[in-house]
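Step one of this worksheet: look at the structure below.
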Amino acid sequence: MFKALIFDVDGTLVDTERQGHRVAFNRAFAEARLNWVWDEALYGELLTVAGGKERIRHFIASYHPEIPCGEGELSQFIENLHAAKTRHYIDLLNREGIPARPGIIRLIKEARAAGLRLAIATTASAGNVEALLAASLDTDAPDWFEVIAAGDIVSNKKPASDIYEYVLTKLGLKAEDCLAFEDSENGLRASLGAGIPTLITVNDYTSGQDFTGAVLVIDHLGEPEQPLTCLSEAPSEAFSLVDIDVLRRLFERWTREKP
Ligand code: XBP
Ligand code: MG
């Protein structure tokens, strides 16, 4: 039986990208008097680059190569812009709020009651993760997670597996003792790169991505009054929500079938 659940944050715990991070980036650009606007379509393209600072750098290289400055100056410019974005993001979470995705709070409470260990593995910055947990899950939620591995704690971000390797080391567990929850192809490549069986809950930015190797692909974890839709090959038994017993059955199937 698995001993720990490891959650990605953005797009998995909460659907934060379209109306959260993207809006915060645009507010930071406006504050800096930059005429940059990341609309929903462009942001979907930029999301293939994990990490807010890396995303800004990619945007400049792709769309504003004319910005003349040395590497040191550019890095400082990006650092300052990203710090403003994080401030706007935390402000947005606290003022406007974004709800947790279906089934997340229910499953995490079930896992805690079952004595499972919990961790987070995210590309997002540590500051905004704690604010998100408190604003969208529960004011105590940051304390639910034994390890919160975020952003620059590792040098290589997703799809590199560094962040998941870091969590396994901190937990003192092997990959096959855990289950990971992700929303994107980048995230799946990171968790599978660390050898961790992974469930995918898609969102409207990631639904068309390649989730080969996932234990299960679903639209969300489901609630009693909000059944999930299975998007991968239908497992033998049907279920309308993911609870600890469903996770156990999926994990046993994965353990039997893994090479
Ligand atoms: C998603 C990301 C993050 C956020 C923005 O992280 O790639 O970069 O888009 O947050 P994950 P920052 O899906 O791994 O949770 O601006 O703080 O990076
Ligand atoms: Mg994600």
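Of note:
- Residues that are part of a helix (DSSP H, G or I), in contact with a Gly (Cβ under 9 Å, 6 or more places away or on another chain) and closer than 18 Å to Thr123 by Cα, drawn from the stretch 169-209: Gly187, Leu188, Arg189, Leu192
- Those residues of the stretch 95-124 which are within 15 Å of Val14 (Cα to Cα), small (Gly, Ala, Ser) and modelled with pLDDT of 95 or more, in sequence order: Ala100, Gly103, Ala121, Ala124
- Here Asn35 fulfils each of the conditions (1) farther than 30 Å from Asp177 by Cβ; (2) within 16 Å of ligand 2 (Cβ to nearest atom); (3) open to solvent by 10 Å² or more (accessible area, probe 1.4 Å) apart from (2).
- For Gly172: the one exception among (1) within 15 Å of ligand 2 (Cβ to nearest atom); (2) on the phi > 0 side of the Ramachandran plot: (1)
- Restricting attention to the stretch 1-28, the residues being open to solvent by less than 10 Å² (accessible area, probe 1.4 Å) and more than 11 Å from ligand 1 (Cβ to nearest atom) number 4.
- Test: residue in the stretch 10-18 that is away from ligand 2 (no atom under 13 Å from the Cβ), touching a residue at least 40 places away in the same chain (Cβ under 8 Å) and either within 30 Å of Gly195 (Cβ to Cβ) or assigned by TED's automatic domain parsing to the domain that holds Gly151 (or both): no
- Residue that is nearest to ligand 2 (Cβ to nearest atom) [pool: residues in the stretch 60-82 that are of a type in the set (D, E, K, R) and free of Cβ contacts under 8 Å to residues at least 12 places away in the same chain]: Glu71
- Of everything in the stretch 181-231 that is in contact (Cβ under 8 Å) with a residue 60 or more places away in the chain and either among the charged types (D, E, K, R) or open to solvent by 40 Å² or more (accessible area, probe 1.4 Å) (or both), the residue that is nearest to Ala4 (Cα to Cα) is Glu182.
The values are calculated or read from the model by the stated rules, or taken from the named source; none is laboratory data. All values reported here derive from a predicted model rather than from experimental measurement. Don't worry about glycine lacking a Cβ; one is built from the backbone with ideal geometry, like all the others, and counts go over all protein chains shown. Only protein heavy atoms, including side chains, enter the accessible area calculation; ligands, DNA and RNA are left aside. Shrake-Rupley method; radii C 1.70, N 1.55, O 1.52, S 1.80 Å.
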